[in-house]
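Comments concern the structure below.
The values are calculated or read from the model by the stated rules, or taken from the named source; none is laboratory data. Here the structure is a predicted model, which means the values were calculated and not measured. With ideal geometry, Cβ positions are generated from the backbone for all residues, glycine too; neighbour counts draw on all protein chains shown.
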Amino acid sequence: MMQATTLGRRGALAAAAGLVGLSLLPKPAAAQMEPATAAAIRKIIGERTPEEGRVQLRLPPIAENGNTVPLTVTVESPMTAADHVKAVHVFADKNPTPDVATFRFSPAMGRAQADTRIRLGQTQDVIAVAEMSDGKLYISRAEVKVTIGGCGG
Amino acid sequence: MAAPIGQPRVRLPAQIKAGEVIEIRTLISHIMETGQRRNQEGQIIPRDIIKSFTCTFEGQPVFSMDLHPAISANPYIAFPFKAERAGNLEMVWTNDAGEQRKLTQAVRLAE
């Protein structure tokens, strides 16, 4: 009984956090974002508000196999000690858990880019949030239509 | 109990000039079990993934990645690196159980 109450409260808190997150994100980025995704983003960036732009997601518009979808993130940045990208966080809005990856960058890279392959359970938006060395945040999203889901169902 | 971590493979360009930004491409074989799937008895197959990757050059951090179950099996990770001087890149993959695979890759500069 006690446990059920605690869980219920946690669920409510998470949902509330999600709603708050939703309202604080810039309009286009927050469009139709799941509460779980907004909460996952909030967990990383706190109450700060990201701007649109500078971070770019490259994904195929249609993925026949959601088990392995190529993803490239790039950020416009000189990648110097004074001005570089610290991290890029990637989320899949409608996966069972929205977290996909965090890339941590350094000026030693010379260019802000990372490539990997991801799983997408269904057609959805992939969202990237970049954290710059001056504390600024940028967000962007890209839709992928998935023919066969990739969460091992 | 953790699934075996395969031998990692790393590719650099054949010729590297000083100051050039190269792409480092890595691949490691691993099942990346999500923890969402069930076996034939209906029990959840426990999560077992490579959860982190780090790359340093002569002890200095270059790039790292936190991986979640949404990363495909046999994780492919590629990133740029500005080759200012010759030296060694050290790469480490770590699974949920804390087991690691390490690989040292020499960076040699063309004359």
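Looking only at residues of the stretch B:50-78 that are assigned to a strand (DSSP E or B) and more than 7 Å from every other protein chain (Cβ to nearest Cβ), we find that the one that is farthest from residue A:104 (Cα to Cα) is B:50.
Quickly run through the stretch A:114-126 and pick out the residues that are in contact with a Ser or Thr (Cβ under 7 Å, 6 or more places away or on another chain) and crowded, with 22+ Cβ neighbours inside 10 Å. Within the stretch A:114-126, A:118, A:119 qualify. Note on the stretch A:67-78: among residues that are β-branched (Val, Ile, Thr) and under 15 Å from residue A:121 (Cβ atoms), the one that is surrounded by the fewest Cβ atoms within 10 Å (Cβ to Cβ) is A:68. Scanning the stretch A:79-105 for residues that are facing another protein chain (nearest Cβ under 8 Å), crowded, with 24+ Cβ neighbours inside 10 Å and in contact with a Phe, Trp or Tyr (Cβ under 8 Å, 6 or more places away or on another chain) yields A:100, A:103, A:105.
Within 15 Å of residue A:71 (Cα to Cα), out of contact with any helix residue (DSSP H, G or I) (no Cβ under 9 Å at 6 or more places or on another chain) and within 12 Å of another protein chain (Cβ to nearest Cβ): is that true of residue A:115 in this structure? When the stated conditions are applied, residue A:115 passes them.
Given the options A:51, A:76, name the one that is of a type in the set (D, E, K, R), more than 12 Å from chain B (Cβ to nearest Cβ) and touching a strand residue (DSSP E or B) at 6+ places or on another chain (Cβ under 6 Å). From the options A:51, A:76, the qualifying one is A:51. Got at least one residue in the stretch B:30-38 being under 13 Å from the mean Cα position of the chain (by Cα), in a strand (DSSP E or B) and within 14 Å of another protein chain (Cβ to nearest Cβ)? Looking through the stretch B:30-38, none of the residues is under 13 Å from the mean Cα position of the chain (by Cα), in a strand (DSSP E or B) and within 14 Å of another protein chain (Cβ to nearest Cβ).
So for the stretch B:39-49 (the condition being in a loop (DSSP other than H, G, I, E, B), touching a Pro at 6+ places or on another chain (Cβ under 8 Å), at pLDDT below 95 and surrounded by 13 or more Cβ atoms within 10 Å (Cβ to Cβ)), does at least one residue qualify? No, there is no match, as no residue in the stretch B:39-49 is in a loop (DSSP other than H, G, I, E, B), touching a Pro at 6+ places or on another chain (Cβ under 8 Å), at pLDDT below 95 and surrounded by 13 or more Cβ atoms within 10 Å (Cβ to Cβ). Among the residues examined, residue A:140 does not qualify as at pLDDT 95 or above, touching a His at 6+ places or on another chain (Cβ under 9 Å) and farther than 18 Å from residue B:68 by Cβ.
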